[in-house]
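To start, the structure itself, in structure tokens.
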Amino acid sequence: MTPPPAAAPSIDELEAQERRLVLPHFTYDDAWALGTLLVELARERRAPVAIDIRRGGQQLFHAALPGSTPDNDAWIDRKRRVVERYGCSSYLVGSRFRAKGTTFEDSSRLDPDVYAAHGGAFPLAVAGAGVIGTVVVSGLPQVEDHALVVEALERFVAA
């Protein structure tokens, strides 16, 4: 069953998501559980996505579902680099630039072939430690990529 298209969240909503979705810990088993949850949600929706979870420089989970392409992996890398540089979701970074009447590509002074402030990459923050990694989805429109990650994190935190 395909959910209705996600509405674009406001900057306040995006910031609240990040404050709310702080984890007590993040282990290898947690990466597997979060990654398989994302795969389940994506399969339910027949979403042609690739999913990536990293802690520091180590890739802990990666999946490519039917319909995804190597381009999705390139988008994952570009969106992940934005989270690593700014410490917040790629969608929030892009939204902040748009709120200033510009774009990330025009104003960040970063190479758009290396960085993409499009929705789908979210920081993995651990209480007392800060941002320790990333979870990224690529393959849907950016609002939907972001919403899928947030939904999975909300379920993961509640479990």
Of the conditions (1) within 16 Å of Ile51 (Cβ to Cβ); (2) within 11 Å of the chain's Cα centre (by Cα); (3) of a type in the set (A, V, I, L, M), Leu140 satisfies every one except a single condition; which number is it?
(2)
Of everything in segment 51-91 that's in contact with a Lys or Arg (Cβ under 8 Å, 6 or more places away or on another chain) and under 20 Å from Leu110 (Cα atoms), which residue is least open to solvent (accessible area, probe 1.4 Å)?
Ser90
Please verify whether segment 19-30 includes one or more residues that are modelled with pLDDT of 95 or more, closer than 19 Å to Gly133 by Cα, assigned to a helix (DSSP H, G or I) and among the acidic types (Asp, Glu).
yes
Within the set of pairs 6+ apart or on separate chains, which have a first residue in segment 134-145 that is acidic (Asp, Glu), a second that is assigned to a strand (DSSP E or B), and C-beta atoms under 7 Å apart?
Asp145/Val137; Asp145/Ser138
Please verify whether segment 122-134 includes one or more residues that are surrounded by fewer than 19 Cβ atoms within 10 Å (Cβ to Cβ), touching a Lys or Arg at 6+ places or on another chain (Cβ under 6 Å), farther than 22 Å from Arg43 by Cβ and aliphatic (A, V, I, L, M).
yes
Six or more apart or on different chains, Cβ atoms under 7 Å: show the pairs whose first residue is in segment 27-48 and in contact (Cβ under 8 Å) with a residue 12 or more places away in the chain and open to solvent by 60 Å² or more (accessible area, probe 1.4 Å) and whose second is not in a loop (DSSP other than H, G, I, E, B) and not hydroxyl-bearing (Ser, Thr, Tyr).
Tyr28/Leu60; Trp32/Phe61
If we keep just the residues of segment 95-118 that are touching a Ser or Thr at 6+ places or on another chain (Cβ under 8 Å) and free of Cβ contacts under 8 Å to residues at least 40 places away in the same chain, which is nearest to Leu34 (Cα to Cα)?
Ala117
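The values are calculated or read from the model by the stated rules, or taken from the named source; none is laboratory data. All values reported here derive from a predicted model rather than from experimental measurement. Note: ideal-geometry Cβ built from the backbone for every residue, glycine included; neighbour counts use all protein chains shown. In case anyone asks, the SASA skips ligands and DNA or RNA and just uses the protein heavy atoms, side chains included. Shrake-Rupley method; radii C 1.70, N 1.55, O 1.52, S 1.80 Å.
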